[in-house]
């Protein structure tokens, strides 16, 4: 059964509209109580700073406790905290309430297993099948779950991050601008860089429930770029609302491409014999220039479908310690179980200090193949799916793939989190790249309204 609710990163939508309603959250908790929380009967719940996260946390808590499952509230915590600390909480699973980089009106729920991994497609299908079934759940009379507050996960996580650096002055002399996206990292991310000796200017670290990702963070780096220039900083760092996506801006206020970040981290880890398997894993979305650059340095390169979960699965299969997506999800399995923007940023800064050059003198490390990415947005997911499956759209995609075969790539995919069809074209020349992209986009846009 194809997933209709769950994408590669959980379920997501507009808060107080299906599926992000209290009714859905209660039923989801009851389904998970039956399917997953059967051994320890304990679950951990974390959330980001958006106002609806509190509503969904309450609904999930009611659903779990009604089925006799204890709930450990981690309160506001980034996704990397729950994934890295969940084993210490001795639970059957965890849930992260977040819509990641989306605006505050949206929200979502990520399902995390007892080891800190995101649920597989097979498990998501089991959950969804029971969600849409007619099965009724009877609340427990004899065994009602309790609610506990977690007070150790965030301090433990902070200690683990600080131990990555060789000493408390490892970043001394580095001037940073840090954009916390008014999200889950707002409370302690600046303090970590300050503790490591960096001079910092902090942006967007005063969440009010409504300003998460609003003109800030990984999706809106304009203010970060301007502040880096005005303050003569060495670097700018931005995260998204739940802290699993990283954006870096160089000393000239130029945003550094995610593939360039992966290449830089790969060389640094390789130099220190910390690049396990001498390999890097990325998705089909990464530029061919990254693959060529790494191969020239004796580093193996593996590609996966788009989605952090697929990157991590392949990393474990091939024994790699570094993987990521061009969008800024950086996975360092020696330090974290999923994408962790803070850990990736700390290691990036350590590598920059060791190099000694300005970031603008280092990047770009390699020349990218000409690439054009266009997002075609629809009003809803049904319209998006109809356009994607249309016979003429699929025919044009095949024609354009043949046109660039051997010297480029064409990837057209549905977003797992928004009603968007993403069109990505790489080709030998800018002109060919543009022409192929436009042809596909124009065909798709005929189905908009």
### Query
Tell me, what is the percent relative contact order of the chain, built from C-alpha pairs under 8 Å that lie six or more residues apart?
13
### Task
Could you let me know the centre-to-centre spacing of the stretch 377-412 and the stretch 1-69, using Cα atoms, in angstrom?
33
#### Entry: Mean projection area, nm², convex hull over Cα of the stretch 371-445
4.4
### Summary
Extension length gain for residue 391 and residue 88 (0.36 nm per residue less Cα distance), in nm, is 104.0 nm
#### Entry: Cα gyration tensor shape for the stretch 11-152, rounded if a/c is under 1.5, else prolate or oblate
rounded
### Message
Taking the beta-carbon count within 10 Å as an exposure proxy, list 123, 285 from fewest neighbours to most.
### Response
123, 285
### Task
Treat the count of other C-beta atoms within 10 Å as a stand-in for reagent exposure and order 61, 156 from fewest to most.
156, 61
#### Entry: Computed over the chain, Cα set: Rg, Dmax in Å
22.0, 70
### Query
Computed FRET efficiency, Cβ-Cβ of residue 403 and residue 143, R0 60 Å: what is it to the nearest 0.05?
0.45
### Query
Highest GNM mean-square fluctuation, the chain, Cα pairs closer than 10 Å: which of 91, 38, 436?
38
## Note on the structure
Expressed as a whole-number percentage, the relative contact order of the stretch 164-362 with C-alpha contacts under 8 angstrom and at least six residues apart is 19
## Note on the structure
Here the gain from full extension of residue 438 to residue 14, 0.36 nm per residue of separation minus their alpha-carbon distance, amounts to 149.6 nm
### Query
For residue 206 and residue 122, FRET efficiency with R0 = 45 Å and r from the beta-carbon atoms, rounded to 0.05?
0.60
#### Entry: Relative exposure of 234, 295, judged by other C-beta atoms within 10 Å (fewest first)
295, 234
### Message
Please compute the Kirkwood hydrodynamic radius of the stretch 164-362 from all pairs of different C-alpha atoms, in Å with one decimal.
### Response
16.7
#### Entry: Sum of -39500 (n - 2.57) over DSSP H runs of 4+, divided by residues of the chain (222 nm, nearest 500)
-11000 deg cm²/dmol
### Message
Using Cα springs under 10 Å in a Gaussian network model of the chain, which residue among 392, 92, 244 shows the largest mean-square fluctuation?
### Response
392
### Modelled FRET efficiency - R0 25 Å, residue 75 with residue 105, Cβ distances, 0.05 increments
0.70
### Summary
Length gained, residue 375-residue 41, 0.36 nm per residue minus C-alpha separation, equals 116.0 nm
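The numbers here are math on the coordinates, done by the rules we state, and not lab data. All of these numbers come straight from a predicted model, not from anything done at the bench. Note that each Cβ is placed from the backbone with ideal geometry, even for glycine, and that neighbours are counted across all protein chains shown.
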